[in-house]
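Everything below concerns the one structure shown next.
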Amino acid sequence: MPRASAKDLISRGLRLRCPRCGEGAVFRRWYAYRENRSCPRCGLVYDPRGESLAFMYLSTAFLTGIMFIVLITMPPQRLELYRFGLVGAALFLYIATMPVRKALAIALNYFNAK
């Protein structure tokens, strides 16, 4: 199988697909974060050594930085409401992007392993 370009790997990661074949799903149920251990189509083991955790940690830190920039650039009118809104938005952002971040981590790990 020919090696995929970085653009293809990122596209496959964003679509929650296998980085090798682009067909198999990374998650059984993305909304429940139920990950397949390997690709159902080509058999690629997605994260054999748990290396995607570092990317997940760094991407969470990046999202935290974005929320900090929002905190700095948008001063609160009502502090209590602002705190709840900011924490709620941050939690939503972390949870909503978790499957995409995990799939991108798997794709980048596959790219670096080759």
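Out of the residues in the range 71-92 meeting the condition of being open to solvent by 50 Å² or more (accessible area, probe 1.4 Å) and either under 21 Å from the mean Cα position of the chain (by Cα) or in contact (Cβ under 8 Å) with a residue 60 or more places away in the chain (or both), tell me which one is farthest from GLU23 (Cα to Cα). Spell out the reasoning first.
Looking only at the range 71-92, we keep the residues that are open to solvent by 50 Å² or more (accessible area, probe 1.4 Å), and these are 71-81, 83-84, 87, 91-92.
Checking the rest, the ones that are also either under 21 Å from the mean Cα position of the chain (by Cα) or in contact (Cβ under 8 Å) with a residue 60 or more places away in the chain (or both) come to 87, 91-92.
Details: VAL87: 36, LEU91: 30, PHE92: 28 Å.
Here the answer is VAL87.
For PRO19, are the conditions met, namely being modelled with pLDDT of 85 or more and part of a loop (DSSP other than H, G, I, E, B)? Quick ask: steps written out before the conclusion?
Details: modelled with pLDDT of 85 or more: yes; part of a loop (DSSP other than H, G, I, E, B): yes.
So PRO19 fits the description; yes.
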- Taking the range 51-70 and keeping only residues that are more than 18 Å from ALA105 (Cα to Cα) and either surrounded by fewer than 11 Cβ atoms within 10 Å (Cβ to Cβ) or among the basic types (Lys, Arg) (or both), one is left with GLY65, ILE69
- Hits in the range 4-50 - residues which are closer than 16 Å to ALA113 by Cα, open to solvent by 30 Å² or more (accessible area, probe 1.4 Å) and of a type in the set (A, V, I, L, M): ALA6, ILE10, VAL45
- Task: Give me the pairs, please: first residue somewhere in the range 1-21 and closer than 10 Å to LEU108 by Cα, second residue anywhere and open to solvent by 30 Å² or more (accessible area, probe 1.4 Å) and basic (Lys, Arg), beta-carbon distance under 7 Å, and either six or more positions apart or on two chains.
- Result: PRO19/ARG12
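The values are calculated or read from the model by the stated rules, or taken from the named source; none is laboratory data. For clarity, every value in this text was computed on a predicted model and none was experimentally measured. Counting neighbours? That spans all protein chains shown, and the Cβs are built from the backbone with ideal geometry, glycine included. Heavy atoms of the whole protein, side chains included, go into the accessibility calculation; ligands, DNA and RNA do not. Shrake-Rupley method; radii C 1.70, N 1.55, O 1.52, S 1.80 Å.
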